[in-house]
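Read the structure below first, then the notes.
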Amino acid sequence: MKVHSQYNNLLLFDLLDKEETIAHFSTTRVGGVSHGSYASLNTGNFSDDNPLNIHENRQIIARMFYMEMDRFIIPHQTHGTGVLNVDGEFLQRDHASAIETLYGVDAVITSEKGIFVCVTTADCVPILLYDRDKEVVAAIHAGWRGTVGGIVENTLREMEQHYNSAAEDIIAGIGPAISQSHYEVGEEVIERFREKGFDLSDKAVFYREKLTGKRYLDLKEINRRVLVRLGLPEASIEKSDFCTFDKQELFFSARRQTVHSGRMLSGIMRKGR
């Protein structure tokens, strides 16, 4: 990933930035109006931050792209596997109906132009997809529950069903998330992954410390391997090295800050109207 050429509080994927027909971004925690634990660019509605500050932070991002905030589709994520296709019918809904539809959604896809599909994260894995052939974009929120439940698989399946997308035409960016060395999990989490057929034999994905018995997962690498298994060429996947736990000055981290963590926003859009 690299810093945005115009806004130094936004990050871009090198792979996606080469595509002239799309725009994308991943925020840091810098450049907003929130205070304290949420300082400063907190975009997560479901925190104890002042809602007015969250609204203004989202407006700051919208202004960077010379857009209105209603062009940013941000779901109410529940660590599930729900995928929403944002089509013309959805865009005609009134605000209350749209908010209701966005509840329980952890991935958003669209072929509409001028619409950012987004996800919020703080340690979980944000994934942005672009089908260069069918011109479809997607944003995925992949925590461990979503990953083990098949959120990536569901998203690609919805892209295929709605738009006839093929995995070999898709490029992917796996954004900032907690690194393996900081992502300790319980045995029940490991068992869930094994029950679903995940290969945890590689230390690059999972390891157990001999002295302490503590278990550590690499969610970014697991999701990268899921994308490869589903047919994306390895060269079409960019995985960020940024760790949200380590980089306190750049990112919110739910593990580091517990319930007082803000959220970053990642989004992708087809350009045009």
Nearby aspartates and glutamates by direct alpha-carbon distance to residue 18 (threshold 13 angstrom, same-chain neighbours under 8 apart not counted): 238
Per-residue Cβ neighbour rank within 10 angstrom, fewest leading, 160, 195: 195, 160
Taking the Cβ of each residue in 244, 78 as the centre, tally the other Cβ atoms inside 10 Å and list the residues starting with the fewest. 78, 244
Taking 197-204, 100-107, 174-181, 130-137 and ranking on average Cβ neighbours within 10 Å, highest first, one gets 174-181, 130-137, 100-107, 197-204
Listed candidates (1) 40, 22, 16; (2) 27, 23, 17; (3) 30, 22, 17 - label of the one calculated as semi-axes √(5λ) of the Cα gyration tensor in Å: (2)
At 0.36 nm per residue, and after removing the present C-alpha to C-alpha distance, how many nm does the segment from residue 79 to residue 6 gain when stretched out fully? 23.0 nm
Take every DSSP beta bridge whose two residues both sit in the chain, then give the antiparallel share in percent to the nearest 5. 75
For the pair residue 246/residue 101, report the inter-label distance in nm, with labels modelled 7 Å from Cα in the Cβ direction. 4.1
Calculate the length of the line joining the C-alpha centroid of the range 119-193 to that of the range 210-273, in whole Å. 9
Explain nothing, just the number: relative contact order of the range 37-150, from Cα pairs under 8 Å at least 6 residues apart, as a whole percent. 23
In nm, to one decimal, how far is the residue 89 label point from the residue 69 one, both placed 7 Å along Cα→Cβ? 2.9
Label-point separation (nm) for residue 162 and residue 191, each offset 7 Å from Cα along Cα-to-Cβ? 3.6
Treat the count of other C-beta atoms within 10 Å as a stand-in for reagent exposure and order 67, 269 from fewest to most. 67, 269
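Values quoted throughout were computed directly from the atomic coordinates according to the rules given, and no laboratory measurement underlies them. All figures in this text were calculated on a predicted structure; none of them were measured in a lab. We place every Cβ from the backbone using ideal geometry, glycine too, and count neighbours over all the protein chains shown.
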